[in-house]
Amino acid sequence: MNKGIIAKLITALCACAIIGVLGACSPGTAASASKTAEQVNRAYMSQVNEAMVKLDENLDQFVDATSRGDVVAMRTQADNAYKTLDALAAIEAPEDMKDIRDQYLDGTGKLREALDSYIDLYAEAAAAGDSYDWSAQSNRIKQIQAKYDEGVKALKDADATVAEAAAGSGSSASK
């Protein structure tokens with residue numbers, strides 16, 4: 001997982017917090033309703049951020065296990081990542097955040113597929129022992145990595161959507 005994803009989420013959360021403060025300064029009932037919606041959105045993004053930080057840790061440990069060729073540790077770390085992905089999917093998204101939630105779930109689904117594929121590949125290699133021909137698997141590895149990269153891109157796209165929405169709200173809140 002790219003550390004930039006976490007940084008963008010934190011930036012988006014800070015932007016949402018600033019927007020919330022600006023919204024609280026506006027008089028009237030509309031501001032109160034908006035403030036409530038903003039608080040709900042911030043709470044959702046905070047939960048998403050926590051899940052993404054945990055997922056990043058899980059993926060780092062998966063990569064470490066992969067670099068050692070430790071299929072058992074790969075499976076354990078993938079299972080930990082899946083628990084985090086399931087927790088992310090279980091977070092109730094506010095109505096105006098459903099599209100963003102779907103983007104995150106798309107990315108995490110692709111990551112899940114890639115992790116499973118990596119485990120299958122390394123399990124086959126472990127079963128074959130020294131006779132395993134990694135060069136014959138280069139195309140398969142590229143396909144798995146492409147799926148992983150698609151997942152990371154979907155997560156980055158979700159982050160960008162959040163950042164754009166926060167920037168857009170910030171400009172309208174200050175008008």
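The values are calculated or read from the model by the stated rules, or taken from the named source; none is laboratory data. Just so you know, these numbers come straight off a predicted model, no measurement behind them. For neighbour counting, all protein chains shown are included, and Cβ atoms are generated from backbone atoms with ideal geometry for every residue, glycine included. When the accessible area is computed, the model is the full protein with side chains, heavy atoms only, and any ligands, DNA or RNA have been set aside. Shrake-Rupley method; radii C 1.70, N 1.55, O 1.52, S 1.80 Å.
What accessible area, in Å² to the nearest ten, does a 1.4 Å probe give for Y104?
0 Å²
Evaluated at 10 °C with a viscosity of 1.306 mPa s, what Stokes-Einstein diffusion coefficient in µm²/s does the stretch 88-143 have when Rh comes from the Kirkwood expression over alpha-carbon pairs? Don't skip to the answer; put the middle values down first.
Values: Rh = 13.7 Å.
After rounding, the answer is 116 µm²/s.
Applying 1/(1 + (r/R0)^6) with R0 = 30 Å to the Cβ-Cβ distance of D86 and N139, what FRET efficiency is obtained, to the nearest 0.05?
On the way: r = 31 Å, r/R0 = 1.04.
Given R0 = 30 Å and the Cβ-Cβ separation, E is 0.45.
Could you give the C-alpha radius of gyration of the stretch 31-103 expressed as a fraction of 2.2 N^0.38 Å, taking N as the number of residues it contains? Please list the in-between numbers first.
Working: Rg = 16.0 Å, N = 73, 2.2 N^0.38 = 11.2 Å.
Relative to the 2.2 N^0.38 Å estimate, the stretch 31-103 comes out at 1.43.
Take the stretch 50-175, drop everything but the C-alpha atoms, weight them equally and run the Debye formula without solvent; then report log10 I(q)/I(0) at 0.10, 0.13, 0.20 Å⁻¹ to two decimals.
-0.39, -0.60, -1.11
Considering only protein heavy atoms, what is the solvent-accessible area of R75 at a probe of 1.4 Å, reported in Å² to the nearest 10?
It works out to around 80 Å².
Just the number, please: carbon plus sulfur as a percent of the accessible area of the stretch 84-175, 1.4 Å probe, no ligands or DNA/RNA counted. Let's see the in-between values first.
Values: 2430 of 4940 Å².
Carbon-and-sulfur percentage of accessible area, whole number: 49.
Count the net charge of all other residues whose Cβ sits under 9 Å from the Cβ of A114, scoring Lys and Arg as +1 and Asp and Glu as -1. It would help to have the intermediate numbers written out before the result.
Numbers: positive: K110, R112, K147; negative: E113, D116, D149, E150.
Every neighbour counted, the sum reads -1.
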